[in-house]
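*Asks:* The structure that follows is given in the form of structure tokens.
What follows draws every value from the coordinates through simple rules; no lab data is involved. This one's a predicted model, so the numbers in the text were calculated from it and none came from an experiment. Positions of Cβ are backbone-derived with ideal geometry, glycine not excepted, and every protein chain shown enters the neighbour counts.
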Amino acid sequence: MRRILLSLALGGTAFADARAGGHFDVDDAYMLDPGRCQIETWASRLRDQRATTWHLGPACRVGPVELGINFDRITAESLSAESLGPQLKWTFLGRHTDAPWSAALVAGATFDLPRSGRTGAQAYVPVSWRASESVLVNLNLGLDWATGSGERTGRGGLGVQWAWNDRVSLVAERHRAFGQWTSRLGGRIALSPNTSVDISVSRAAAPLSRAVTVGLNHEFGR
């Protein structure tokens with residue numbers, strides 16, 4: 001069980017990845033605007049493992065890039081594991097959210113806190129296509145390096161976001177990381193122009209199987 005916990009919390013699945021799109025697995029290609037920051041936090045209940053993952057991820061726009069740091073903690077019964085890691089995002093194509101095509105580079109590291117800082121990493125390219133005013137398609141392609149062993153595996157995913165109205169968006173994703181496929185259905189509800197709530201259900205191969213995730217996102221000025 002300890003090995004499973006560490007793999008989940010430190011890069012073994014999509015739940016502990018560096019990301020800028022809330023808890024959803026497939027990232028979009030957009031950065032924060034200059035002078036803006038955000039805080040993303042979420043909790044996920046892994047039903048079959050009776051485990052809970054907690055995530056906190058503040059980020060700010062710094063010059064031409066977005067810099068963030070991610071903290072993740074997973075608990076199951078009497079065991080726990082924690083990870084901490086920085087993230088950098090740079091949108092090099094179509095920086096405005098209304099651009100038909102956008103692309104970015106995302107890179108991050110993951111440090112295994114309970115095990116003397118053993119390190120993993122992620123690097124991927126998110127591409128976003130604005131198919132219409134209400135439909136956004138996101139594609140991710142990249143690599144992961146497992147914490148400790150350094151084993152390299154490919155990552156990728158496809159997600160579609162449909163804006164039902166000004167406040168509610170629906171999201172469907174299919175994503176692969178560390179050799180595991182995850183399917184996710186969920187939505188985002190805007191409580192205000194700067195605050196939103198996410199909720200989703202996902203299904204993956206063992207050891208995750210099924211999970212329910214709820215998140216809160218808040219953007220603010222510096």
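*Asks:* If one computes the Cα centroid of the range 48-82 and of the range 177-191, what distance in Å separates the two points?
*Replies:* Between the Cα centres of the range 48-82 and the range 177-191 lies a distance of 16 Å.
*Asks:* Below 8 Å, C-alpha to C-alpha, sequence gap of six or more: please give me the relative contact order for the range 2-221 in percent.
*Replies:* After rounding, I find 20 percent.
*Asks:* I've got another one for you. May I ask you to derive the FRET efficiency for ARG130 and GLU151 from their Cβ-Cβ distance with R0 = 41 Å, giving the value to the nearest 0.05?
*Replies:* Efficiency at R0 = 41 Å is approximately 0.70.
*Asks:* Oh, and also: Place +1 on the Cβ of every Lys and Arg and -1 on the Cβ of every Asp and Glu in the range 2-221, take the dipole about the Cα centre, and give the residue among VAL160, VAL127, SER183 whose Cα lies farthest towards its positive end.
*Replies:* SER183
*Asks:* Using DSSP to define loop residues, name the trypsin sites (Lys or Arg not before Pro) in the range 71-167 whose beta-carbon has at most 13 other beta-carbon atoms within 10 Å.
*Replies:* ARG167
*Asks:* For every helix of n ≥ 4 consecutive DSSP H residues, a contribution of -39,500 (n - 2.57) applies; sum these over the chain, divide by its total residues, and give [θ] at 222 nm rounded to the nearest 500 deg cm²/dmol.
*Replies:* -500 deg cm²/dmol
*Asks:* Just in the range 123-190: which GluC sites (Glu not before Pro) are loop by DSSP and have at most 16 other Cβ atoms within 10 Å?
*Replies:* Those that pass, being in a loop and sparsely packed, are GLU133, GLU151.
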